[in-house]
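**Q** Sharing a structure here in structure tokens format.
The values are calculated or read from the model by the stated rules, or taken from the named source; none is laboratory data. Model, not experiment: these values are computed from the prediction. Methodologically, a virtual Cβ is constructed for each residue, glycine included, from the backbone with ideal geometry; neighbour enumeration extends over all protein chains shown. When the accessible area is computed, the model is the full protein with side chains, heavy atoms only, and any ligands, DNA or RNA have been set aside. Shrake-Rupley method; radii C 1.70, N 1.55, O 1.52, S 1.80 Å.
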Amino acid sequence: MIVVLAGGLGAARFLRGLVRVVPPEEVTVVGNTGDDITIYGVHVSPDLDIVTYMLSGELDEDRQFGLLGDTHHVMDELDAAGHDTWFALGDRDMGVCAARTAWLAAGIPLHECAARIANRFGVGVRLLPMTDDPVFTVVRVRDGDGERDLHFQEYWVRRRAADPVVSVRLEGAEEAVPAPGVLDAIASADAVLIAPSNPVVSVGTILAVPGIRAALGRTRAPVVGVSPIIGGAVVRGMADKLLPSAGAEVSAAGVAGLYLDFLDGFVIDEVDAALAPSIEALGIAPAVVPTLMRAPEDAAVLAKATLDLAERLSR
Ligand code: GDP
Ligand code: CA
């Protein structure tokens, strides 16, 4: 069984490739829920849903979120009623979130909601949230002479990552426990893969759930990551703005350094070939391949290279 720690789009692209080279039933995804937000009365789990929508072939890839061909009557009506609709949710997307919200209100845990939604979309992988507990990523930003805390979505979607970042933390992490199945999956995996996801607000938040980081250090499975940074730049998103707040350089080597305590191998891009010796010097085995996933075929080749490195590193 292959475990993949996953954020949103970078992870979804990688997973679409992975399921072309291993049967989906053999894949367990541990998804980030630090981006979750309750808005317009519904609980949105953006990273779990982007993975679900991508694997079902229904992701709106132009917008990079939501469902292909979705309509926006609910947003239009909220707008007309005077609500600030800064967080766009299509009508079907809203329906998915409303289903989740109603289940949660009835006492059904988030992992069961995620499984039901994945099942409804015909997704073959096992999709687990990192935790069932309410947690959310807080971005502390500089604001005039002082500092203020923003919910991750407010920082990223509403204010478009314009504020200078001081620090990032996962609110509620201390009391959170990994969702049922997460630690067992890591312990019994044949390989654990770290998707090319944001090291701070996707992978970093998963690692902030007590017990997960230690489980990665303990598992007998090789732990192999894929760099989300290519040539010192992000493919999309704001990891470049957040890595310095985590004390890391914006490079593949900087990302590898954040995972030092558990990472066995790291897949970096061909343009970063010169960084391979510095990754090796960290005690991490590098593999150098093209890592840009323009199409599902590229992602499949990347996933295969990642599995090959894991295979080489497994005893
Ligand atoms: P988000 O929650 O949608 O921001 O998604 P993730 O955290 O999963 O992914 C964001 C990260 O994925 C960014 O740092 C991107 O640089 C990275 N990413 C996106 N597409 C690719 C790609 O094709 N190749 C690689 N190597 N990284 C990618
Ligand atoms: Ca995300």
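**Q** If each DSSP helix of 4+ residues adds -39,500 (n - 2.57) and the sum is divided by the residues in the chain, what number results at 222 nm, nearest 500 deg cm²/dmol?
**A** It comes out at -10000 deg cm²/dmol, rounded to the nearest 500.
**Q** Modelling each spin label as a point 7 Å along the Cα-to-Cβ direction, I'd like the ASN119/ASP91 distance in nm, to one decimal.
**A** In this crude label model, ASN119 to ASP91 measures out at 2.7 nm.
**Q** Using protein chains only and a probe of 1.4 angstrom, how many square angstrom of GLU58 are accessible, to the nearest 10?
**A** 60
**Q** In segment 82-181, what trypsin sites (Lys or Arg not before Pro) fall in a loop by DSSP, with at most 11 other Cβ atoms inside 10 Å?
**A** ARG160
**Q** Something else about it: Provide, for q = 0.07, 0.11, 0.13, 0.16 Å⁻¹, the log10 of I(q)/I(0) from a solvent-free Debye sum over equal Cα point scatterers in the chain.
**A** These q points yield log10 I(q)/I(0) values of -0.25, -0.64, -0.91, -1.41.
**Q** A further question follows. Run the quick spin-label model on ARG236 and ARG160: label points 7 Å from Cα toward the beta carbon, then report their separation in nm to one decimal.
**A** It works out to 1.6 nm between the two label points.
**Q** Any idea what diffusion coefficient segment 49-88 gets from Stokes-Einstein, in µm²/s, Kirkwood Rh on alpha carbon pairs, 25 °C, 0.890 mPa s?
**A** D, rounded to a whole number, is 220 µm²/s.
**Q** Measure off, as a whole percent, the carbon and sulfur share of the 1.4 Å-probe accessible area of segment 1-101, all protein chains present.
**A** Looking at segment 1-101 in its full context, I get 53 percent from C and S.
**Q** Compute the distance in nm between two label points, each set 7 Å from the Cα along the Cα-to-Cβ direction, one at ARG213 and one at ALA98.
**A** Each label point is offset 7 Å from its Cα along the Cβ direction, giving 4.1 nm.
**Q** Let's test the formula: R0 of 45 Å, r as the Cβ-Cβ distance of ALA281 and HIS73. What FRET efficiency results, to the nearest 0.05?
**A** Computed FRET efficiency for ALA281 and HIS73 comes out at 0.20.
**Q** Now, a different point. Using alpha carbon coordinates only, what is the Rg to Rh ratio of segment 216-315, with Rh defined as the Kirkwood radius?
**A** Result for segment 216-315 is an Rg/Rh of 0.95.
**Q** Out of all DSSP beta bridges with both ends in segment 92-246, state the antiparallel percent to the nearest 5.
**A** 85
**Q** Roughly how tilted is helix 110-120, in degrees to the nearest 10 and between 0 and 90, from the longest Cα axis of the chain?
**A** Taking Cα atoms only, the helix is inclined about 90 degrees.
**Q** Using alpha carbons only, how many degrees (0 to 90, rounded to 10) separate the axis of helix 46-56 from the longest principal axis of the chain?
**A** Roughly 80 degrees, rounded to the nearest 10.
**Q** If you filter segment 194-263 for trypsin sites (Lys or Arg not before Pro), then keep DSSP loop positions with at most 14 other Cβ within 10 Å, what is left?
**A** Those that pass, being in a loop and sparsely packed, are ARG220, ARG236.
**Q** Averaged per residue, what accessible area in Å² does the chain show with a 1.4 Å probe, protein chains only?
**A** I get 41 Å² per residue for this part.
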